[in-house]
């Protein structure tokens, strides 16, 4: 089977941790969850938003690599208000907190498609891993390779890939809100050296 691979890169990229906890430090993971891939897919192919079931339909493989993870501070504020004081002298406040999140430095993301039409449409658009300001741009050239080469070529396609399957190696990676919060599982596949000092 032939695959059509689009390469995206940028100076940095933020990936939301799947736990979504507000701890003092939340390290971003080194892989993309099913919901992140589905979100990227909906950005590239907005027609999939109609009758969306949360399933991944066009991206049949991906690979993510980067130079390093830089710890960045982020100020957050909860949605709710805290009530303080007495009945006559009440005040409402929303306290601030600081999170330390991981930002990928010089990320490279490969997206594999089963047909050239989808790859061409994807290669003409930017993507973001989790936030609009963290933009990755496509290479103009689409790489045509066999499925086996995409799976095994450590030089061209090194990186982390979360395989969306449930087996003895799998771990919980989130919940599908389109399917009554059904648990989603996957296991991490590492090809070559995903953390590189240069490309």
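Of the set (1) within 21 Å of residue 12 (Cβ to Cβ); (2) surrounded by fewer than 16 Cβ atoms within 10 Å (Cβ to Cβ); (3) touching a residue at least 60 places away in the same chain (Cβ under 8 Å), all apply to residue 138 but (2).
Taken over the stretch 151-169, the criterion of being in contact (Cβ under 8 Å) with a residue 24 or more places away in the chain and within 20 Å of the chain's Cα centre (by Cα) is satisfied by 151, 157, 158, 159, 160, 161, 162, 163, 164. The single condition among (1) part of a strand (DSSP E or B); (2) surrounded by fewer than 17 Cβ atoms within 10 Å (Cβ to Cβ) that residue 112 does not meet is (2). Taken over the stretch 48-77, the criterion of being modelled with pLDDT under 90, surrounded by 12 or more Cβ atoms within 10 Å (Cβ to Cβ) and over 30 Å from residue 196 (Cβ atoms) is satisfied by 54, 55.
So is residue 45 crowded, with 17+ Cβ neighbours inside 10 Å and modelled with pLDDT of 85 or more or not? Answer is no for this residue.
Taking residue 6 as the residue in question, decide whether it is in contact with a strand residue (DSSP E or B) (Cβ under 7 Å, 6 or more places away or on another chain), at pLDDT 90 or above and buried (at least 16 other Cβ atoms within 10 Å of the Cβ). For residue 6, the condition - in contact with a strand residue (DSSP E or B) (Cβ under 7 Å, 6 or more places away or on another chain), at pLDDT 90 or above and buried (at least 16 other Cβ atoms within 10 Å of the Cβ) - is met. Can you spot a residue in the stretch 30-51 that is farther than 30 Å from residue 148 by Cα and part of a loop (DSSP other than H, G, I, E, B)? The answer is yes; a qualifying residue exists. For the stretch 1-16, a residue qualifies if it is in a loop (DSSP other than H, G, I, E, B) and closer than 20 Å to residue 123 by Cβ, and the qualifying residues are 1, 10, 11. For the residues 144, 182, the requirement of being exposed (fewer than 14 other Cβ atoms within 10 Å of the Cβ), at pLDDT 95 or above and farther than 24 Å from residue 13 by Cα singles out 144.
Rundown of residues vs (1) in contact with a strand residue (DSSP E or B) (Cβ under 9 Å, 6 or more places away or on another chain); (2) in contact (Cβ under 8 Å) with a residue 60 or more places away in the chain, yes/no style:
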position: 46; (1), (2): no, no
position: 56; (1), (2): no, yes
position: 59; (1), (2): yes, no
position: 63; (1), (2): yes, yes
position: 68; (1), (2): yes, yes
position: 77; (1), (2): yes, no
position: 81; (1), (2): yes, no
position: 86; (1), (2): no, no
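Name the one entry in 102, 80 that is assigned to a strand (DSSP E or B) and either modelled with pLDDT under 90 or surrounded by fewer than 17 Cβ atoms within 10 Å (Cβ to Cβ) (or both). Being assigned to a strand (DSSP E or B) and either modelled with pLDDT under 90 or surrounded by fewer than 17 Cβ atoms within 10 Å (Cβ to Cβ) (or both) holds for just one of 102, 80, which is 102.
The values are calculated or read from the model by the stated rules, or taken from the named source; none is laboratory data. Bear in mind that the values here come from a model prediction, so they are computed numbers and not experimental data. Virtual Cβ from ideal backbone geometry, glycine too; neighbours counted across all protein chains shown.
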